[in-house]
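Structure below; questions to follow.
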């Protein structure tokens, strides 16, 4: 089992060096593309699609499912591992448990060969019709190396679409939006009556597992999505806070908090695996319901593990007695980061001009975000000093200011670190583009992007990332790894996670008004995150002192935004 997921990767470039060394131990045969279980409906192991092309294929596949109740599965690999296309395709269908109304398109880019067929006989889509579609659409596209066209044309022909693809994509999008809107209304009404399994502030009794199983899937699904995202954020915030506590007090003093965090991380990793199973489809109605209930229950358990330690954590990290000294140290750190940010001013442009791909995309905008956070930290430090100088009891504003500055500077440092790591990793990969090394770098890039934009990134991106991390763990030779196949699937999922995360951020920026960088980056945590279908919602205005926003602290999803030493908001 992979270790519990930790968003922040320490020294990913050094990890990449070890991955490159480990790759030398892999036999050449391990680098062939053996049949494997497909982790997603569109998988680009061969790395022949641009992000825009992959996104277009995903949209076409979704449109086909909505219109015709057909699931098209698409995978691009370098080769078929010495098998015939039929053998490779059939084995992949079996391993992926594809069944009635599932169609697989597998493309070998090296051989320009393909497999296109259904797992089981489809009444209204006989084999002769599939062969006709393959000859008319897939075959010429593969022959000419038009990789995205192979999937798009096949999907459109299956849906009976020719040149009207754009129109149907718009119609499909409107249907999805209407469905999402309905779910948001349903969930909002439901959430006013009960507060799932964890303690509610108004004293409502938590729901039992038996009561959860009586709810319709249309309520459980968005509920599980929201709980998973908010709990994952709480785990990330708690991990950041624990690092500060350990630096200040040492490992022994924070051992109980470390144990609680490890428990919560393991729980969240399990919940993401269940979410991945739900998203893959194929499960029966009751099995799907059970998984959603498990996600909600597991997230509640993770929250409780963290909440059990909040009072002790607040007592240990009492920020008020030496607040003035803390603020002085934060001001020094802010000045150092500002200087480092200036020194890094040309790094983004250099990467964009000389490299391409997901690693470069993961650090786009990092310098701007870092600058915003340094300015936010300076403002928080100034407000904290005003609170300390005030003779009145300003305990809560002082704590809020210190936590805001700490979190902002930590995140700014992460953003600058990510730029350095990306530069080093790209140089190493140019020397040896091994699958395990590339997967290590691309998973780290996706982790960094999602961690530093966690105020906007929704559950789908996080689920893909969690699965990418699991496969990367399995790929390492010293763990009895599955070799290059698992590594390349891991990289493909990490790229998909990054693509989805970037979409979430773009949508959030369009709809968030004046919320700004502190909310986007998760520095201020008392904000509504994307819930149903990862649709952003309005978050209001203000910094830590207005709009209901607070800096994060160690604790579960309902308590991590508290302010005060030992007290809850």
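The values are calculated or read from the model by the stated rules, or taken from the named source; none is laboratory data. Computed from a prediction, not measured in an experiment: that's the story for all the values here. Cβ placement follows ideal geometry from the backbone for every residue including glycine, while neighbour counts extend to all protein chains displayed.
Would you kindly identify the strands (runs of 3 or more DSSP E) lying entirely within segment 48-120 that contain at least 2 residues that are in contact with a strand residue (DSSP E or B) (Cβ under 7 Å, 6 or more places away or on another chain) and more than 26 Å from residue 358 (Cβ to Cβ)?
102-108, 113-118
With at pLDDT 85 or above, more than 30 Å from residue 308 (Cα to Cα) and crowded, with 16+ Cβ neighbours inside 10 Å as the only criterion, which of 119, 136, 141 stands out?
Only one candidate qualifies: 141.
While we're on this one: Of the residues that make up segment 409-422, is at least one within 28 Å of residue 241 (Cβ to Cβ) and over 22 Å from the mean Cα position of the chain (by Cα)?
Within segment 409-422, one or more residues are within 28 Å of residue 241 (Cβ to Cβ) and over 22 Å from the mean Cα position of the chain (by Cα).
With respect to residue 335, determine if the residue is in contact with a helix residue (DSSP H, G or I) (Cβ under 6 Å, 6 or more places away or on another chain) and surrounded by fewer than 15 Cβ atoms within 10 Å (Cβ to Cβ).
no
Which ones in segment 122-153 are without any contact (Cβ under 8 Å) to a residue 12 or more places away in the chain and in a loop (DSSP other than H, G, I, E, B)?
123, 124, 126, 144, 146, listed by residue number.
Exactly one of (1) surrounded by fewer than 18 Cβ atoms within 10 Å (Cβ to Cβ); (2) in contact (Cβ under 8 Å) with a residue 24 or more places away in the chain; (3) closer than 26 Å to residue 485 by Cβ is unmet by residue 433. Its number?
Result: residue 433 passes all but (2).
Shifting gears a bit: Kindly establish whether residue 404 is crowded, with 24+ Cβ neighbours inside 10 Å, in the same structural domain as residue 332 (by the TED database), at pLDDT below 95 and in contact with a strand residue (DSSP E or B) (Cβ under 6 Å, 6 or more places away or on another chain).
When the stated conditions are applied, residue 404 passes them.
Looking at segment 247-259, can you tell me whether even one residue there is within 20 Å of the chain's Cα centre (by Cα) and either within 30 Å of residue 119 (Cα to Cα) or outside the structural domain of residue 102 (by the TED database) (or both)?
no
Would you confirm, using the coordinates I've provided, whether residue 519 is crowded, with 24+ Cβ neighbours inside 10 Å, in a loop (DSSP other than H, G, I, E, B) and at pLDDT 75 or above?
No; evaluated as a whole, the condition is false for this residue.
Scan segment 552-560 and tell me whether some residue there is at pLDDT below 75, surrounded by fewer than 22 Cβ atoms within 10 Å (Cβ to Cβ) and closer than 30 Å to residue 256 by Cα.
no
Please go through segment 430-445 and pick out each residue that is over 15 Å from residue 361 (Cβ atoms) and either in contact with a strand residue (DSSP E or B) (Cβ under 9 Å, 6 or more places away or on another chain) or part of a helix (DSSP H, G or I) (or both).
Matches in segment 430-445: 430, 431, 435, 436, 437, 439, 440.
Here is a list: 58, 45. Which entry is out of contact with any helix residue (DSSP H, G or I) (no Cβ under 6 Å at 6 or more places or on another chain) and either buried (at least 20 other Cβ atoms within 10 Å of the Cβ) or farther than 21 Å from residue 123 by Cβ (or both)?
After ruling out the rest, the residue left standing is 58.
Can you find a residue in segment 69-79 that is surrounded by fewer than 16 Cβ atoms within 10 Å (Cβ to Cβ), in contact with a helix residue (DSSP H, G or I) (Cβ under 9 Å, 6 or more places away or on another chain) and modelled with pLDDT under 85?
no
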